[in-house]
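Quick note: the coordinates plus some simple rules give every number you see, no bench work behind them. Note that the coordinates shown come from a computational prediction; the quantities given were computed from them, not determined experimentally. Here Cβ is always computed from backbone atoms with ideal geometry, including for glycine, and neighbour counts include all displayed protein chains.
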Amino acid sequence: MNLPLLRLLCCTVLSSLCAASPAADAGPDVFPSYGDAAAVKARCDATLREVQAQTRRIAAGTGQGGVLIELDRLGQLVDDHLGPVFFLSNVHPTKAVRDAAEACELRYQAFTSRLYQNAKIYARLQRLRAGDAIDTQMRTDLLASFEDAGVGLPAQRRERARLLNNELGRLSQDFERRLREDNTRVAFTDSELDGVPAGVWAAAPRDPQGRVLLGLDYPTYSPVVEGARSPEARERIWRAFQARGGQPNLKTLARLGEKRRSYARLFGLASYADFTLRRRMAQRVDNVQAFLEEVKSALGQREERDLVELRAAKASELQTAPGATPLKRWDVPYYIERVKRERFALDQNSFRRYFPPQASVDFVFAVAGRLFGVGFKPLEQTLWHPDVKAYAVVDAASQRTLATLYLDLYPRPGKYGHAAVWPLRGSSTWSGQLPTAALVTNFDRQGLTLDELETLLHEFGHALHVTLSHTRYAAQAGTAVKLDFVEAPSQMLEEWVYDAQVLALFQQVCATCEPVPADLLERAVRSRSFAKGLQFARQHLYASYDLALHDKDAPEPMALWARMESATPLGYEPGSLFPAGFSHVAGGYGAGYYAYLWSLAIAQDLRTAFAANPLDAKVGQRYREAVLANGGQAPPAELVARFLGRAPNNAAFFEWLER
């Protein structure tokens, strides 16, 4: 078990008698400046000395405010001084700074491994009498964190758990670094890029033979694999993308699986999946498998039907017989887009003119303003890159500062390659600490497709979960919830980009933006059902692979993937190395990738409350207060029930899945 930042795992509790009054307005966060690796190391050294000193005082019972205030104060110290450091390992443009940040993270990992095995602190928590339901929930979570770190194990096994935790942190870091720093360039002639928007490649560097050199960032990879008419070009970039991380990452993933299994067995459990799921909503592996089987049943034969359509589209283009026309993995994105163009007259790139990047940001701000009564004010800060922008999140009614939000939207070498949100600081009403989030994407500067706008709104949902949190303790704040719930608030918002009433907000924030034509949006809505079988069969495969990878036998990752993908209708493509780039399972989603489908079921249920009006401010305020503000203060099912006024269920999800 790789212990994350203290605030995310160290769920502290506190009697209401110890609560302090929050500050009237703590003001927005100011991101610290770390100009070089030496500055990072100096901050790391100083903070680790302080957290170690505080830990000794907590263990001795000589701190101020009681054990729970002391632990939460410790977490907030980490938020302020180490959270930004760890984040910079993913986004700072200077490799030396990223490396220094990673080194600091490993040192902190070693500290947390010892902290959670501190028997004196654990004993103080055991003696605690919780003051209310929030305290009870937090005490339960915190004791579980100590126990999962091995505090109750015999000495030899406890030391083994500590060493394994440290090694797991290092291995996950190695895996992600190889992907982040991958500098692969694929060479293409101009003619091979026929069908790819010129804006993707016209200004790209060229090799001595005059061929265009393209990287594997998403704004480059997706247009090529979806648009290039040359099957050879599609194959080359697809294979290069599949090879990211290569054999070193496959070896790392195998070692992660073996060590995770070893960790679980220290606790008498057969598999790492058993170890992790017992703390999640799903509780048991068989519950997840039953849910995945329901998903598979709901999909029926749709994957096979989708492939028949794509093969027919390829045969039509090549003027060959469908039965004699092989369909390859690198053909699938291209022919999905081709069918959408032919059947629905829909080209994702046609949306870029309607969704300029800054206007898209202003749009999601407007959605949040309408639904949740908040505004976003630009802040002048010198940040880690000139592209990055800072905003104060402000309550519209009171004009009180609620949080700080950083946006880092465009790709660059060495930057995290996907889209994600980092919760840099957690909300704490007892101390007055205001939350901070950083939203990171890799968008095209020319504009967003509708799919990319959906991604932006999804990630913004995570940012709202962090910034609109109003929890008693920082450790409970925002996305510090069970893994199989954390995606639900983001997935709930994805549908909003397909609603004409919602998209009309674009014209309110961007007077020069053309409105999306009604017929274009209508075609986009209709096209969403096409290839849904392929899409969700793939998600089912990813989730099933992740569970199998963390089963009791800890199988070899590449052999397992080849076997499982071979059982799908399209089969396995020899030489492809998908697991080498599957960063979710190497990181925090190990034995948890099913959470995307599990959370989507919850998201569809949440969305039913907005069915009559997706911009209903009354419903939005209720959602903000019941779900977003509460973070991890109560079990997810309880928060959903508070909002919906009934027990949650999966009916809306399966109805949507079968459309």
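Antiparallel DSSP bridges in the chain: what percent, to the nearest 5?
Numbers: 22 of 27 bridges.
Once the DSSP bridges in the chain are tallied, antiparallel ones form about 80 percent.
With no solvent and one equal point scatterer placed on each C-alpha of region 212-358, evaluate the Debye formula and give log10 I(q)/I(0) for q = 0.10 Å⁻¹, two decimals.
-0.63
Within a Cβ distance under 12 Å of Thr429, other residues only, what is the Lys/Arg minus Asp/Glu net charge? Let's see the in-between values first.
Numbers: positive: Arg472; negative: Asp72.
Overall, the nearby charge balance is 0.
Given Cβ point charges of +1 (Lys, Arg) and -1 (Asp, Glu) and nothing else, what value in debye, to the nearest 20, does the dipole of the chain about its Cα centre take?
Numbers: 79 positive and 75 negative charges, 350 e Å.
For this selection, approximately 1680 debye.
Determine the relative contact order of the chain: mean sequence separation of Cα pairs under 8 Å and six or more apart, normalised by residue count, in whole percent.
On the way: 1143 pairs, mean separation 117.4, N = 659.
This gives 18 percent for the chain.
Using the crude model of +1 on Lys and Arg Cβ and -1 on Asp and Glu Cβ, and no other charge, please compute the dipole size for region 241-288 relative to its Cα centre, in debye to 20.
Working: 11 positive and 3 negative charges, 31 e Å.
Using only the charged Cβ atoms, the result is roughly 140 debye.
Of Ala392, Gly417, Ala437, which is farthest towards the positive pole of region 330-484's charge dipole, taken about the Cα centre with +1 and -1 on the beta-carbons of Lys, Arg and Asp, Glu respectively?
Projecting each Cα onto the dipole axis, the largest value belongs to Ala392.
Just to be sure I understand: if I project the alpha-carbon convex hull of region 83-192 onto a plane and average over all orientations, what area do I get in nm²?
Working: hull surface 45.4 nm².
Result: 11.3 nm².
Quick check on region 612-659: what does the Kirkwood estimate of hydrodynamic radius come out to from the alpha carbon pairs, in Å? List each step's numbers first, then the result.
Details: mean 1/r = 0.0836 Å⁻¹.
When all Cα pairs of region 612-659 are included, the Kirkwood radius is 12.0 Å.
Where does each of Ser529, Ser350 land when they are ranked from fewest to most other beta-carbon atoms within 10 angstrom? Provide the component values of the computation, followed by the final result.
On the way: Ser529 12, Ser350 16.
Ascending Cβ contact count within 10 Å gives the list Ser529, Ser350.
What does the extension gain come out to for Asp553 and Lys377, with contour length at 0.36 nm per residue minus their alpha carbon separation? Each step should come with its number before you reach the end.
Details: separation 176, 0.36 × 176 = 63.36 nm, distance 5.24 nm.
Net length gain for the segment: 58.1 nm.
Can you tell me how much longer the chain between Glu625 and Ala396 gets when fully stretched, taken as 0.36 nm per residue apart minus their C-alpha distance, in nm with one decimal? Before the final figure, lay out the partial values.
Working: separation 229, 0.36 × 229 = 82.44 nm, distance 1.50 nm.
This chain segment gains 80.9 nm when fully extended.
Considering only C-alpha atoms, what is the centroid distance from region 302-333 to region 111-158, in Å?
That distance is 56 Å.
Within the chain, which whole H helices from DSSP have a Cα span along their axis of at least 20 Å and a mean Kyte-Doolittle hydropathy of 0.5 or more, if any? If you can, show how the numbers build up before the last one.
Values: long enough: 37-60 (35 Å, -0.15); 67-81 (21 Å, 0.17); 95-115 (30 Å, -0.39); 133-148 (22 Å, -0.24); 155-180 (38 Å, -1.53); 246-266 (31 Å, -1.08); 285-299 (21 Å, 0.29); 302-318 (24 Å, -0.86); 357-372 (22 Å, 0.99); 450-467 (25 Å, 0.13); 532-549 (25 Å, -0.14).
Within the chain the helices that satisfy the rule are 357-372.
Could you list, in their original order, any pairs among Lys314/Lys340; Lys251/Lys552; Lys251/Lys532; Lys296/Lys532 whose Cα atoms are separated by more than 23 Å? Present the calculation step by step, with values, prior to reporting the outcome.
Working: Lys314/Lys340 13 Å; Lys251/Lys552 18 Å; Lys251/Lys532 33 Å; Lys296/Lys532 12 Å.
Beyond 23 Å: Lys251/Lys532.
Work from the charge dipole of the chain (Cβ charges, +1 for Lys and Arg, -1 for Asp and Glu, about the Cα centre) and give the residue of Pro333, Ala524, Ile602 farthest towards its positive end.
Ile602
Which shape class, rounded, prolate or oblate, goes with region 183-242 when its Cα gyration tensor gives a ≥ b ≥ c as root eigenvalues, a/c under 1.5 marks rounded, and past that a/b bigger than b/c marks prolate?
Values: a/c = 1.28, a/b = 1.12, b/c = 1.14.
Rounded is the answer for region 183-242, as its axis ratio a/c remains below 1.5.
Under the definition of Cα pairs under 8 Å and six or more residues apart, what whole-number percent is the relative contact order of region 313-399?
On the way: 55 pairs, mean separation 14.1, N = 87.
Taking the mean separation of contacting Cα pairs over the length of region 313-399, I get 16 percent.
Quick one, which of [x] 80, 55, 54; [y] 123, 54, 44; [z] 90, 56, 54 is the actual Cα extents along the principal axes in Å calculated for this model?
Checking each listed value against the structure points to [x].
For region 357-515, what's the relative contact order in percent, using C-alpha pairs closer than 8 Å and at least 6 residues apart?
Numbers: 290 pairs, mean separation 33.5, N = 159.
Contact order relative to length: 21 percent.
Return the calculated 222 nm mean residue ellipticity for the chain, to the nearest 500 deg cm²/dmol, obtained by summing -39500 (n - 2.57) across DSSP H runs with n ≥ 4 and dividing by the residue count. Write down the numbers at each step before the final one.
On the way: 29 runs with 348 residues, N = 659.
Dividing the helical sum by the residues of the chain leaves -16500 deg cm²/dmol.
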